[in-house]
Amino acid sequence: MLKKRLASWKSGEVDKLLHEGRVIESRIGKGMKSEPQNKANRFAKLVIEGQINSAMRFLNDASSGKILSLTDNVMQQLREKQPEAQPAKSRVLLRGPHSSVALCDALETLARNLCTDHVDPSSIEALVASRLIQLDKGGVGVRPIGVGEVVRRVISKSVMKVVKSDVMKASGSLQLCAYQPSGSKAAIHAMRNIFEEDDTEAILLIHASNAFNFLNRAAALNNIRIIT
């Protein structure tokens, strides 16, 4: 269609293009109209997919679904559609074993096995996988942020709560982010005090590009297992 219209423009068929534009413009409003149920389904689909901005734009752009002013009548209808929560009556509550207890026991067993036994890394790929989120690094690159799965995060936090003191003792001053309170801030003040001393003439800054990500983690995990 774009090639066809460009050809009409080059051949001077301006009236034809104007007529076509008016026809399309007259159909725009009709094409946007939809049944309330279809609009609700569309909005719910966008929300479920995590497209919140698109869902809000859809509400604002819909011809018959714009946001209403918060009048007394609107408030009354909202209260009718969202009644106050009522306490659950005992006769409708099911009785039986709590599945959450079994889930906690399963996570405990998994955490204990991961910490005490040698586990084939290929068997836990799904557990340690992370969703990668790209953040703007101030116009000089991309900062990748990994978001782990919920089970992995629960196990990691539980294990670290137990071995926190051992990690702090092992890392010492080499890793100031290992649960050291205000470790990075203390390092900044220490370096500033050293730089301001009369005997200090310069500071040599050594930067290893992407050093942590280039670390061979398979070798590191194997050596940690042997040492500990």
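The values are calculated or read from the model by the stated rules, or taken from the named source; none is laboratory data. What you see is a predicted model, and the numbers here were worked out from it, not measured in a lab. Backbone-built Cβ (ideal geometry, glycine too); neighbour counts: all protein chains shown. Calculation scope for accessible area: heavy atoms of the full protein, side chains included, ligands and nucleic acids excluded. Shrake-Rupley method; radii C 1.70, N 1.55, O 1.52, S 1.80 Å.
Results, tabulated for the structure shown:
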quantity	calculated
Solvent-accessible surface (1.4 angstrom probe) belonging to I194, in square angstrom, nearest 10	80 Å²
The chain: relative contact order in percent, alpha carbon pairs under 8 Å with at least 6 residues between	6 percent
Cα-centred dipole magnitude for the chain, charges only on beta-carbon of K, R (+1) and D, E (-1), debye, nearest 20	1360 debye
Axial C-alpha extent at least 24 Å, average Kyte-Doolittle at least -1.0 - helices from the chain (DSSP)	14-32, 99-116, 150-171
R0 of 45 Å, Cβ-Cβ distance A129-A186: FRET efficiency to nearest 0.05	0.85
The chain: most fluctuating residue of N38, N213, N193 per GNM, C-alpha cutoff 10 Å	N38
C115-V142 pseudo-label distance in nm [points 7 Å out on the Cα-to-Cβ vector]	3.6 nm
Exposure of D120 as accessible area (Å², to 10), given a probe of 1.4 Å and all protein chains	90 Å²
Binned Cα-Cα distance frequencies in the stretch 133-207 - 5 Å width, integer %	3, 12, 12, 14, 18, 18, 12, 7, 4, 2, 0
Segment H207-L107, length gained on full extension (0.36 nm per residue, minus Cα span)	32.1 nm
Percent of alpha-carbon pairs separated by more than 18 Å within the stretch 114-161	48 percent
